[in-house]
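Everything below concerns the one structure shown next.
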Amino acid sequence: MSHPHPDLSAPAPLPAGGLRVIPLGGLGEVGRNMTVFEYDGRLLIVDCGVLFPEDHHPGVDLILPDFDPIRDRLDAVEALVLTHGHEDHIGATPYLLRERGDIPLVGSKLTLALLGSKLREHRLKETAQYEVAEGQTITFGPFVLEFVAVNHSIPDALAVVIRTGAGVVLHTGDFKMDQLPLDGRITDLNEFARLGDEGVDLFLTDSTNAEVPGFTTSEKDIAPVLDRVFSKSEKRIIVACFASHVHRVQQVLDAAVAHGRKVGYVGRSMVRNMAIAQELGYLTVPPGVMVEAKELADLPPHKQVLVSTGSQGEPLAALSRMSQNNHHFVHLEEGDTVVLASSLIPGNENAVYRVINGLSRLGANVVHKGNSLVHVSGHASAGELLYCYNIVKPRNVMPVHGEIRHMRANADLARATGVENVVLAEDGVVVDLVDGVAKVVGKVDVGYVFVDGTTIGDISEASMKDRRILGEEGFLSVIVVVDSVTGKVVSGPEIHARGFAEDETTFDEIKQPIIDALDASIADGATDAYQLQQVVRRVVGRWVNRAHRRRPMIIPVVIEA
Ligand SMILES: [Zn+2]
Ligand SMILES: [Zn+2]
């Protein structure tokens with residue numbers, strides 16, 4: 001993993017009275033956010049999310065933060081604070097609880113409700129939960145926590161203030177500053193300013209949109225665009241968005257009512273989350289608008305709206321199945337309209353375009369953020385971040401939540417407002433706040449933890465590499481039998497390939513060079529099968545690379561008979 005501090009070694013012990021920050025995930029990628037704070041031997045964790053795999057992680061379901069650096073100290077964990085209910089913040093919680101089930105979980109009402117359904121899926125029943133709201137203070141060991149309302153692309157998001165003997169830390173979580181949000185709950189800049197007056201020693205800020213100039217557009221600005229799409233559509237409308245984007249779904253429900261259509265949810269997480277949001281009062285469902293998705297098909301197409309999962313091109317989600325025409329009850333037709341009311345998370349581009357192409361092939365009109373304002377980001381743009389730095393006036397800033405380019409851009413914004421000390425750290429890079437100054441002090445080893453079906457962490461980066469090679473370059477096996485007495489090749493080489501050249505005569509030209517190389521190395525004194533196999537691998541590897549520009553996996557087998 002790249003990071004700006006390649007030469008760091010393990011950090012020295014934390015000086016008394018200092019606060020240590022150990023990012024285990026989310027710094028250097030958009031996903032699997034998890035940050036550990038250490039004070040006086042005790043630990044506080046903020047967020048515990050997942051990262052969704054990309055094309056170069058074949059067969060992987062999820063990627064978790066690496067718990068290794070704190071695995072021996074889980075007893076010292078005072079609490080896990082969840083800033084909001086997005087998967088990249090709560091998704092890995094069940095996996096952490098498998099290692100210590102009674103870690104106190106702290107979050108807002110909606111966050112804990114969304115987490116709750118996830119915990120039930122993992123059959124985790126006896127958990128300790130503390131519901132908090134903005135303005136509230138709660139103490140866990142040496143950590144005095146206070147919560148501040150922030151606006152984001154999911155309701156009920158919180159920033160968290162962490163007070164210890166080392167000073168005041170403000171962690172924004174994910175946020176933006178929409179001034180006209182659907183629920184009227186804006187980021188509490190009064191509180192940010194008050195904390196600024198008190199003195200913020202370390203400000204951890206969301207970097208996702210730091211490269212985007214200006215201010216993030218208001219969620220409400222999508223409404224007229226949706227209205228236009230609904231007016232123009234004569235057939236069925238399918239809107240795909242995040243299954244937790246309550247306000248986006250709210251706007252779709254409102255548009256459906258205005259245009260006399262009925263709505264059905266497709267996708268398990270959409271059905272489940274919207275039921276929670278409705279029950280807790282975060283989603284207002286106009287009477288009579290909802291219909292079971294399966295029954296919706298009985299209505300004429302111009303009366304139907306489906307709200308679906310799969311906006312990131314996830315291969316098993318509803319939208320992806322529709323794009324391949326293998327969804328069990330939604331079959332797209334010429335003239336249907338599909339709206340991708342969603343972001344394009346870095347890394348998902350190929351998958352999303354694959355889905356858009358599939359939908360287009362079926363004759364659907366696809367409306368997406370590339371051709372209409374059907375999505376606004378959930379994250380603060382550069383203008384909002386500058387604004388925050390100016391009112392919080394922090395002593396030290398640590399950009400979080402983003403790839404390195406996002407964090408660098410965020411660091412520049414902080415410096416532009418006069419923040420003197422900005423620490424740039426990626427996953428595993430340890431930052432200490434001592435005597436009011438934050439500094440990089442070392443690094444701990446963190447890797448990617450892959451979840452594959454029911455196994456967690458058993459897949460190494462090496463076997464991931466094997467899968468990539470097998471998937472992209474194919475496989476070659478070379479079997480040779482050598483007489484153990486004379487050292488002569490008595491049978492073979494027999495070469496078989498998969499996902500490489502299908503015509504096996506391709507390999508005729510390399511057979512004699514293999515035999516020659518084996519003879520030469522046996523004459524040089526090579527005796528054991530392992531050495532001879534390396535000879536075969538080298539000869540075949542060079543030849544495929546030179547003659548075919550490929551690097552398949554090569555399995556040489558030398559049998560001594
Ligand atoms: Zn979020
Ligand atoms: Zn996030």
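The values are calculated or read from the model by the stated rules, or taken from the named source; none is laboratory data. Note that the structure is a prediction, hence the values are computed from the model and not measured. So basically every Cβ, Gly included, is an ideal-geometry build from the backbone, and we count neighbours across all protein chains shown.
Structure summary
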read-out: Near pairs, Cβ below 6 angstrom, 6+ apart or cross-chain, from the stretch 272-283 (without any contact (Cβ under 8 Å) to a residue 12 or more places away in the chain) to any residue that is of a type outside the set (Ser, Thr, Tyr) and assigned to a loop (DSSP other than H, G, I, E, B); value: GLN278/VAL285
read-out: ARG100 vs. criteria under 25 Å from ARG272 (Cα atoms) and away from ligand 2 (no atom under 16 Å from the Cβ); value: no
read-out: Single residue of the stretch 152-164 satisfying the filter (touching a helix residue (DSSP H, G or I) at 6+ places or on another chain (Cβ under 9 Å) and in a loop (DSSP other than H, G, I, E, B)) that is nearest to VAL376 (Cα to Cα); value: SER153
read-out: Number of positions in the stretch 184-203 that are out of contact with any helix residue (DSSP H, G or I) (no Cβ under 7 Å at 6 or more places or on another chain) and assigned to a loop (DSSP other than H, G, I, E, B); value: 7
read-out: Matching helices (runs of 4 or more DSSP H) fully within the stretch 61-151 where at least 2 residues are more than 16 Å from ligand 1 (Cβ to nearest atom) and in contact (Cβ under 8 Å) with a residue 60 or more places away in the chain; value: 68-71, 109-121
read-out: All helices (runs of 4 or more DSSP H) inside the stretch 208-324 with 1 or more residues being under 20 Å from ASP183 (Cα atoms), modelled with pLDDT of 95 or more and in contact with an Asp or Glu (Cβ under 6 Å, 6 or more places away or on another chain); value: 246-258
read-out: Any hit, the stretch 136-153, residues being more than 25 Å from HIS245 (Cβ to Cβ), touching a Pro at 6+ places or on another chain (Cβ under 9 Å), of a type in the set (Phe, Trp, Tyr) and not assigned by the TED database to the domain that holds ARG268; value: yes
read-out: Strands (runs of 3 or more DSSP E) contained in the stretch 335-428 and holding at least 2 residues in the same structural domain as VAL46 (by the TED database) and closer than 30 Å to ARG194 by Cα; value: 396-400
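Conditions (1) charged (D, E, K, R); (2) in the same structural domain as LYS465 (by the TED database); (3) modelled with pLDDT of 75 or more, marked per residue:
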site: GLU502; (1), (2), (3): yes, yes, no
site: PRO513; (1), (2), (3): no, yes, yes
site: ARG537; (1), (2), (3): yes, yes, yes
site: VAL544; (1), (2), (3): no, yes, yes
